[in-house]
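Coordinate-derived values only; no laboratory data. This one's a predicted model, so the numbers in the text were calculated from it and none came from an experiment. Backbone-built Cβ (ideal geometry, glycine too); neighbour counts: all protein chains shown.
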Amino acid sequence: MQLGRRSLLLAAAAGTATAATAAPAAAAPRTGGPVVIGHRGAAGWRPEHTAASYTYAVQTGADWIEPDLVPTKDHVLVVRHENEISQTTDVARRPEFGDRRTTKTVDGRSVTGWFTEDFTLAELKTLRAVERLPAVRNRNTVFDGREQIMTFQEVVDLARRLSRTHGRTIAVFPETKHPTYFRSIGLPLEPKLASVIRRNRLGRRECVVQSFEPTSLRRIAAERLGVPLWQALGTTGGPYDLPGTTYKEMMTPAGLAEIAEYADWIGPDKSSLVGTSLVADAHAAGLRIGPYTFRAENQFLPERFRRGSGANDFGDAFAEYALYYDMGVDAVVTDFPDLAVMARRG
């Protein structure tokens, strides 16, 4: 397929021109060096997407915190990694919601469980968060049952409180999850996200919007919110909203040039940078680059950085950060923001 023609079609669908509309990228940390982004907060140390996780991320030095956005039945944006919530809440142990268990097709994949779009916000607030990876991060299970599901507005409020407490601007880094799917069932994410950004007057230093789906980002660009946009990129396949387009194509110089028409950043899997010119190519296209996801456990590290014999033992995470910092990345997305900040100090 021709990427250029696809770009024109996307722009028309989003109601905006293909000329660059991207806002300046959010400010780098005052300490200099790559931006440290707390992936779902500090997911290595607390159950993800909880107030405790976000707070710990900021306390240990994160510059941005990442909330994944999914809607409720009454169309409120809440913060969960997926709309299926059996792994991140106690819903499966709640008999009053037993009849909500169902099977759906989300982005072409059959998924069975409990879904945020089948619950009102009031119902979701009765649930409690649990550790998503208890076999990997048993230490985090001590916090199971202590935290509610947060709304995006609550994350914005928390980020501003933490900014005042710590004397620095903490940006929120929301991701639109499965936007094509949610649009298809009458719960579009972009208008609600735009509404929160406008209502709170979030500027480019306080908010960066990300998605794996270019159409979603172009819809946000059409809202003219003045916040930077971040195109996330996978390792296989391509964005669900662009059948026939691959992430591999999007990471070529031609693909990066098209991304630069609507976005300020790319966020590839960290493996996509090894042995490639992606950092230099992104910078040549006028894009900043922030790879994901950095974790400290051996199973998530390259073999040469593993230490000990256990898959969940901590390896030499500092060596991995140093490798990517030396590549010239502009940000890192990490489950352990404290380690990334320490590595940034040298």
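Miscellaneous remarks
- Computed P(r) (all Cα pairs; segment 208-326; 5 Å bins; percent): 2, 11, 20, 20, 16, 13, 10, 6, 2, 0, 0
- Take the Cα of Thr276, step 7 Å toward its Cβ, do the same at Met342, and the gap between the two points is 3.0 nm.
- Taking Cα centre as origin and charging only the Cβ of basic (Lys, Arg, +1) and acidic (Asp, Glu, -1) residues, the dipole magnitude of the chain rounds to 660 debye.
- Selection among Phe152, Ser272, Val142 by position relative to the dipole of the chain gives Phe152 as farthest towards the positive end (Cβ unit charges, Cα centre).
- Among 257-264, 207-214, the peptide with the highest mean count of other Cβ atoms within 10 Å heads the list, and the full ranking is 207-214, 257-264.
- Cα Rg, Dmax (largest Cα-Cα span) when computed across segment 159-277, Å: 15.4, 47
- Whether segment 133-211 is rounded, prolate or oblate, judged on the alpha carbon gyration tensor where a/c under 1.5 counts as rounded: oblate
- Look at where the Cα atoms of segment 47-75 and of segment 231-266 average out, and the two centres are 26 Å apart.
- Antiparallel beta bridges, as assigned by DSSP with both residues in the chain, represent about 35 percent of the total such bridges.
- Short-range pairs are left out: with C-alpha atoms under 8 Å and at least six residues apart, the relative contact order of the chain is 21 percent.
- Part-to-part distance (alpha-carbon centres) for segment 118-144 and segment 155-192, which is given in Å: 19 Å
- Listed values [x] 15; [y] 8; [z] 25 include one computed from this model; for percent of Cα pairs over 40 Å apart that value carries the label [y].
- Segment 38-134: C-alpha pair distances exceeding 18 Å, %: 47 percent
- Computed [θ] at 222 nm, helices only, for the chain once each DSSP H run of length n ≥ 4 contributes -39500 (n - 2.57): -8000 deg cm²/dmol
- Projected area, mean over directions - segment 67-216, Cα convex hull, nm²: 10.0 nm²
- Linear extension gain, Asp90 paired with Thr141, 0.36 nm per residue minus alpha-carbon span: 17.1 nm
- Stretching Arg224 away from Arg304 to a fully extended chain increases their span by 24.3 nm, per 0.36 nm per residue minus the current alpha-carbon distance.
- Fraction of beta bridges assigned by DSSP in segment 188-328 that are antiparallel (%, nearest 5): 10 percent
- The modelled label-to-label distance for the pair Thr126/Glu249, using points 7 Å beyond Cα in the direction of Cβ, is 4.7 nm.
- Counting beta carbons within 10 Å around each of Ser184, Ser53, Ser86 and listing the fewest first gives the order Ser184, Ser86, Ser53.
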